[in-house]
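Okay, structure first, notes after.
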Amino acid sequence: MGDTTISQDEIDALLNASNNGGAAPSDASTEPEGLTEQEKDTIGEVANISMGTAATTLFSLVNKKVEISTPVVSMANWDDIVNMYERPCVMVKISYTKGLNGSNILILKENDVKIITDLMMGGDGTNIDGEITELHLSAISEAMNQMMGSASTALSSMLNMTVDISPPQSDLIDLQEQVKGGDIDSFLDGTFVLIDFKMLIGDLVDSKMMQLYPISLAKEMCSLVANNMQEDSKSTTEDMNFTPPPAEPQPQSQPAPAQNTVDNGAQYMQQNPGSMPPPPSQPVVNSTVNVQGAQFTPFVSNITPQLANENIDLIMDVPLEVTVELGRTHKSIHDILEFSPGTIIELNKIAGEPVDVLVNGKYVAKGEVVVIEESFGVRITEIVK
């Protein structure tokens, strides 16, 4: 996880959303099991910042532009989720192990998971035929692990505390079957918080992604955000009202008495009676400053070819790695997992074509393979300039 920065606009939005402490007002008894409008705004801002960071992480995994829209926060139950999905979907459960208590669930459509995993494996996102396998679930778990890991870093910054998650658990769930929410997580038996996102991945995905929170976890996050913002606001106010103490007056230096001048004048009067003493000597100030331009020795290289050769001789004994490359090819993770003794891998080189010679990974020559007694060798046929 990297270092995440939250902009001032996001901090202001969180502060506005969590105004009045982010807790339920005095008349919240009419809605004991839900979230107040202020808490919905706060949890929406938290989800917006977290998923914005997660979108950046997903972009690095699929190498496609990823956009996740501003979330919509509402209250829902399990029947609402069942009515929203007609086909099987993938549910990813993420539990918090440090900082927060509870877990949340991400819901992705089956087709979206196939596209994301195909892009992660180096495909173009169109290989989505067939059913979701364990390979798909493993790949999407890793993607969610990195996405929610970066989101946890953003949460840590917002809450001013360390937030860690456990490895995500992904399952393919057919909501049209008799599946109970409590079988997935206990908080799905009652009312919970539903956060609805719109997700765009290039021109391949234009779909929705949902995040489910237990109400207790949502309220805990709102309370932590509100307290953190109040402390920041109080600290800022104290800094603005701080008045530095007045500086103590420094004693002014008094001029030294001109004792020498008086003594010299008395001595002159004694030696020359009837004459006026000479005036005191004044420091001579030269008002003319002689400024000359700086002179620099021309920068001329004195290195002779003989000396340059001597410098190269100093590194002649440095060992370099020489590699002879027979050929290359590209394989998907699925193909690699099917490797077994006897598998033949076709390379991009034609039989009889010169092989590449690389020195420390840099292509320097071409050659042909030869056999020297019982070892392979290569005969240089061309030097690459």
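The values are calculated or read from the model by the stated rules, or taken from the named source; none is laboratory data. As the structure is a computational prediction, the values presented were derived from the model and not from experiment. Here Cβ is always computed from backbone atoms with ideal geometry, including for glycine, and neighbour counts include all displayed protein chains. These area figures cover heavy atoms from the full protein model, side chains too; ligands, DNA and RNA do not enter into them. Shrake-Rupley method; radii C 1.70, N 1.55, O 1.52, S 1.80 Å.
What does the net charge come to around Asp129 if you take all other residues with beta carbon closer than 11 Å to its beta carbon, with K and R at +1 and D and E at -1?
Working: positive: Lys114; negative: Asp118, Glu131.
Net of charged neighbours comes to -1.
Ignoring ligands, DNA and RNA, please state the percent of accessible area on segment 142-214 from carbon and sulfur, probe 1.4 Å.
41
Can you tell me the length gained on complete extension of the stretch Asp174 to Ser74, counting 0.36 nm per residue apart and subtracting the Cα distance? Please report the intermediate quantities before stating the final value.
On the way: separation 100, 0.36 × 100 = 36.00 nm, distance 2.32 nm.
Gain on stretching Asp174 to Ser74: 33.7 nm.
For Leu175, list long-range residues whose amide hydrogen, built 1.01 Å from N in the peptide plane, is under 5 Å from its own amide hydrogen.
Those qualifying (amide H under 5 Å, at least 5 residues apart or on another chain) are Cys89.
Quick check: residue separation of Arg87 and His330 times 0.36 nm, minus the Cα distance between them. What number comes out in nm?
84.1 nm
Suppose R0 equals 56 Å; then what is the FRET efficiency for Tyr363 and Met161 from their Cβ-Cβ distance, rounded to the nearest 0.05?
It comes to 0.65.
Using mean Cβ contacts within 10 Å as the protection proxy, how do 368-381, 197-210 order, highest first?
197-210, 368-381
Among Lys65/Lys109; Lys40/Lys208; Lys64/Lys362; Lys98/Lys219, which pairs are too far apart, with a Cα-Cα distance over 27 Å? Don't jump to the answer; show the numbers that get you there.
On the way: Lys65/Lys109 19 Å; Lys40/Lys208 19 Å; Lys64/Lys362 30 Å; Lys98/Lys219 17 Å.
Going by Cα-Cα distance, Lys64/Lys362 fall outside the 27 Å limit.
What does the charge count around Val62 come to, taking other residues whose C-beta lies under 15 Å from its C-beta (Lys +1, Arg +1, Asp -1, Glu -1)?
On the way: positive: Lys64, Lys65, Lys114; negative: Glu67, Asp112, Asp118, Asp124, Glu142, Asp203, Asp206.
Once all neighbours under 15 Å are counted, the net charge is -4.
Extending each Cα 7 Å along its Cβ direction at Asp203 and Leu320, get the distance between those two points in nm, one decimal.
4.6
Excluding Asp185 itself, calculate the net charge of residues whose Cβ lies under 15 Å from the Cβ of Asp185, where each Lys or Arg counts +1 and each Asp or Glu counts -1.
Spelling it out: positives minus negatives among the neighbours equals -1.
How much FRET efficiency would the formula 1/(1 + (r/R0)^6) give for Ile344 and Ser186, where r is the Cβ-Cβ distance and R0 is 56 Å, rounded to 0.05? Provide the component values of the computation, followed by the final result.
Numbers: r = 52 Å, r/R0 = 0.93.
After rounding to 0.05, the efficiency reads 0.60.
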